[in-house]
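The values are calculated or read from the model by the stated rules, or taken from the named source; none is laboratory data. These numbers come from a predicted model, not from an experiment. Neighbour counts are summed over all protein chains in view; Cβ atoms, including those assigned to glycine, are modelled from backbone coordinates with ideal geometry. Surface accessibility is based on the protein's heavy atoms, side chains included, excluding ligands, DNA and RNA. Shrake-Rupley method; radii C 1.70, N 1.55, O 1.52, S 1.80 Å.
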Amino acid sequence: MSMSDPIADMLTRIRNGQSAGKKIVKLPSSKLKVAIAKVLKDEGYISDYSVETNANHMEMTIELKYYNGQPVIEKVKRVSRPGLRIYKSKDELPKVLGGLGIAIVSTSSGVMTDRAARAIGHGGEVLCTVC
């Protein structure tokens, strides 16, 4: 069965896993999902991630992070979606919670945070916001 928005599925699995108090969530893997997980790990929103090959498909495992029993990720929202792509220039990239959160942006130099994209002078597709 094909999925129309695999990134939204990834974010929903993370959101549901945290609301259920799970330590890990498993989901199908892709290069873009691995790049998003790397940004989330580098920014401290998840503990770790790994990719395994099972039979004929790749599976990603994400270790969720909690602080004092509360999930580190308070809110994660998909911005650009298959029905409405959102592209922003370097000057128009959103600041989430005045810089306390991050926007994950897909640029020509790879997937990175809004701060990193502004620093190198690139705009791109705003995939999601995390705070």
Checklist entry - How many of the residues making up the range 93-123 are on the phi > 0 side of the Ramachandran plot and touching a helix residue (DSSP H, G or I) at 6+ places or on another chain (Cβ under 7 Å)? => result 1
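With the structure loaded, tell me whether His122 is touching a residue at least 12 places away in the same chain (Cβ under 8 Å) and surrounded by 14 or more Cβ atoms within 10 Å (Cβ to Cβ) or whether it fails that test.
Numbers: touching a residue at least 12 places away in the same chain (Cβ under 8 Å): yes; surrounded by 14 or more Cβ atoms within 10 Å (Cβ to Cβ): yes.
Yes; evaluated as a whole, the condition is true for this residue.
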Checklist entry - If you check Thr129 against the conditions, is it assigned to a strand (DSSP E or B) and open to solvent by 90 Å² or more (accessible area, probe 1.4 Å)? => result no
Checklist entry - In this structure, is Leu97 under 21 Å from Gly123 (Cα atoms), in contact with a Cys (Cβ under 8 Å, 6 or more places away or on another chain) and free of Cβ contacts under 8 Å to residues at least 60 places away in the same chain? => result yes
Checklist outcome for this item: Residue hits (the range 97-113; open to solvent by 20 Å² or more (accessible area, probe 1.4 Å), touching a strand residue (DSSP E or B) at 6+ places or on another chain (Cβ under 8 Å) and among the hydrophobic types (A, V, I, L, M, F, W, C)) are Val111, Met112
Checklist entry - Would you pick out the residues in the range 19-66 that are of a type in the set (A, V, I, L, M), surrounded by 15 or more Cβ atoms within 10 Å (Cβ to Cβ) and assigned to a helix (DSSP H, G or I)? => result Val34, Ala35, Ile36, Ala37, Val39, Leu40
